[in-house]
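*Asks:* What follows is a structure written as structure tokens; I'll ask about it next.
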Amino acid sequence: MAALSGATPLKIYTNLRSTSRISVKSSLKIRNYQKYRCLSHKGKGIARDYLIRITSSIFGKSQQNRSNSSCCNCFGPESVKEVFKEDDITKKLVNGLAKDLDNRTLESNNEFGVNSLEDEAWNLLRASMVYYCGSPVGTIAANDPSDSNTLNYDQVFIRDFIPSGIAFLLKGEYDIVKSFILHTLQLQSWEKTMDCHSPGQGLMPASFKVRVVPLDGDESATEEVLDPDFGEAAIGRVAPVDSGLWWIILLRAYGKCSGDLSVQERVDVQTGIKMILRLCLADGFDMFPTLLVTDGSCMIDRRMGIHGHPLEIQSLFYSALLCAREMLTPEDASADLIRALNNRLVALSIHIRDYYWIDMKKLNEIYRYKTEEYSYDAVNKFNIYPDQIPPWLVEWMPNKGGYLIGNLQPAHMDFRFFSLGNLWAIICNLATVDQSHAILDLIEAKWADLVAGMPMKICYPALEGQEWRIITGCDPKNTPWSYHNGGSWPTLLWQLTVACIKMNRPEIAEKAIKVAEKRLAIDKWPEYYDTKGARFIGKQAHLFQTWSIAGYLVAKLLVANPSAANILVNFEDADLLNVFSWALSANPRGKRSRKGPKQSFIV
């Protein structure tokens, strides 16, 4: 794998082509761009310096004889393209450089034997890297050169970068992850407004893009800016609740993998963690410890009936709380926040393990529920009507195995199986040991439904018929067994691998990886697959999807080195376990407590 460093020129040039489709001259709103901005001067100076830097990296020449121009080396792909427009000589140089790059890449591939699936994946992952101020800050969502309709797939998404970041960490390449963490942190403090309304402080963006705009007062010079999207430009205008949770999880993984704890100990990083926690732990009208969100606020970012308390958000929330608890520096100002965090961990764990869990025994219990119970000791606390049990579940539930349901609200249980929520519940210890094994038992028992031709289904089963029309609003992208409505997503392979390694059952992950390897490269690394058996590439799937590539690489790296999964896995410490035991013994079924002092914490 060390030989892969020779393919760097390809990565630079491919990124140049793929991320420069949108012209800087396209309509851009004047916004409060990043306060720190990198400036570049005359076009010829930039082009000259850029050519020297690139050619020296290709041919191994010294970079000492560089241009004496005072421009900084901070231009990104778009700025290079814009600068080259007015200089025919430079255009010819770039065209010649492009051909030489392709030829050199082919020679490099032949020299180093770049013919394995993993080598191809690494080359593609590096080709998706986005640069800001001369340093990589993330990876774009998809890098398909044949696709002219990029939408926002040429941006760096927080959730999409997570498998990319983990892959780089496992490879020992820490700088891009550190840069991503710190740059997205600075975006957190931006003013976010939609229709005169601003969300709470601490919200992390869904994505960002490196844009190049003319420098104020000098049309011949340009500057790079980071342009974030907090949901105000997204389809449906939904704020990304999971972005901040993923950011905390990646921050912890960076510290554990690199050994560099100075990043998480920085004052601005500590402040960022606290802002996310205060946003999530803020008091509201809800009686439940689960996080209340709107539809489309996580990986399933379109209307799919997950509004309320979806499992995916609760699993990430619990994981982020554990990670933050581990990273917060002890100080008097954080005491109330840490107490509130601990209380929420206990309540959330008990709530999910008890009320979200379903297996054959629990299903039979629900089938015999009495309704309209008005009592502190009610068994059917949420007034679930037994007729809500869908016919498919009665036949589908195996005798051995179980899972956490997708959502729970008063008089409503979403019985669909959501892969990410269940897998991350195993990883972060939200599910008990027995429940975790039961989830993997169910995946094995229902392999033909949940994995089939490509791991793995984002949810099961799909919404169909009248149910699909009502819940999705006749969404043409979320048709049955497509996209988020029962589509198969290769990126889920890495979460499956981590969960299997944690439970000491890696053979399940290895089997899934073999299934994925049969098609991923041949199908050009698609975003998702359609049909119940995942036989078709998704009808609107983007090819060369970065997190499909990164998810495969993370899975392979973890199978080869299972101990590395510890950077993602959470375990409850002795203090939490003692609190859990006390809470269950004192209040096993959530009875109303009439004794003891009431504590309140300021968050």
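*Asks:* State the extension gain, in nm to one decimal, for the chain segment bounded by S220 and D332, taking 0.36 nm per residue of separation less the distance between their alpha-carbons.
*Replies:* Full extension of this stretch gives 35.1 nm more.
*Asks:* Along each principal axis of its Cα atoms, how long is region 234-371 end to end? Whole angstroms, biggest number first, please.
*Replies:* Largest first, region 234-371 extends 54, 35, 32 Å along its Cα principal axes.
*Asks:* So for region 468-552, averaging the separation of alpha carbon pairs under 8 Å that are six or more residues apart and normalising by length, what relative contact order in percent results?
*Replies:* Numbers: 112 pairs, mean separation 29.0, N = 85.
It rounds to 34 percent for region 468-552.
*Asks:* Follow-up. Roughly speaking, to the nearest percent, how much of region 315-405's 1.4 Å accessible area is carbon and sulfur?
*Replies:* In region 315-405, the share of accessible area belonging to carbon and sulfur is 51 percent.
*Asks:* Same structure again: Please compare each pair in K256/K502; K502/K556; K400/K556; K178/K502 to a cut-off of 18 Å on the Cα-Cα distance and tell me which ones are over it.
*Replies:* Cα-Cα > 18 Å for K400/K556; K178/K502; rest within.
*Asks:* Could you name the aspartates and glutamates in cross-link range of K274, using Cα to Cα under 14 Å and dropping any fewer than eight places away on the same chain?
*Replies:* E265, E326, E331, D332, D336
*Asks:* Please list, in order, the residues from region 428-465 whose amide nitrogen is less than 17 Å from a point placed 7 Å along the Cα→Cβ vector of K400.
*Replies:* Output list for this probe position: 434-448.
*Asks:* Kindly flag which residue pairs out of K171/K518; K361/K514; K511/K539; K171/K524; K477/K518; K362/K539 have an alpha-carbon separation exceeding 32 Å in this structure. Don't jump to the answer; show the numbers that get you there.
*Replies:* Details: K171/K518 24 Å; K361/K514 34 Å; K511/K539 26 Å; K171/K524 23 Å; K477/K518 26 Å; K362/K539 38 Å.
K361/K514; K362/K539, as the Cα separations exceed 32 Å there.
*Asks:* What residues of region 380-400 lie in the reach of a label at Y367, counting those whose backbone N is under 15 Å from a point 7 Å from the Cα along Cα→Cβ?
*Replies:* Those under the cut-off are 386-400.
*Asks:* Please give the charge dipole size of region 352-496, origin at the Cα centre, charges +1 on K and R Cβ atoms and -1 on D and E Cβ atoms. Round to the nearest 20 debye.
*Replies:* With Lys and Arg at +1 and Asp and Glu at -1, about 200 debye.
*Asks:* Let me ask something additional. Under a point-charge model restricted to the Cβ atoms of Lys and Arg (+1) and Asp and Glu (-1), what is the dipole moment magnitude of region 245-288 relative to its Cα centre, in debye to the nearest 20?
*Replies:* In total the dipole reaches around 120 debye.
*Asks:* When the Cα centres of region 300-337 and region 385-414 are compared, how far apart do they sit, in Å?
*Replies:* Each part's Cα centre sits 25 Å from the other's.
*Asks:* List the residues whose amide H sits under 5 Å from the amide H of F417, counting only those 5 or more places along or on another chain, with H placed 1.01 Å from N in the peptide plane.
*Replies:* It is Y460, by chain and number.
*Asks:* Roughly how many nanometres apart are two label points built 7 Å out from the Cα toward the Cβ at V579 and E464?
*Replies:* Distance between the two pseudo-spin positions: 4.5 nm.
*Asks:* Would you mind getting the accessible area per residue of region 450-514, heavy atoms of the protein chains only, 1.4 Å probe, in Å²?
*Replies:* 29
The values are calculated or read from the model by the stated rules, or taken from the named source; none is laboratory data. Values in this document were obtained by computation on a predicted structure and should not be read as measured data. Glycine gets a Cβ as well: all are built from the backbone with ideal geometry, and neighbour counts include every protein chain shown. All accessible areas refer to the heavy atoms of the entire protein, side chains included, with ligands and DNA or RNA removed. Shrake-Rupley method; radii C 1.70, N 1.55, O 1.52, S 1.80 Å.
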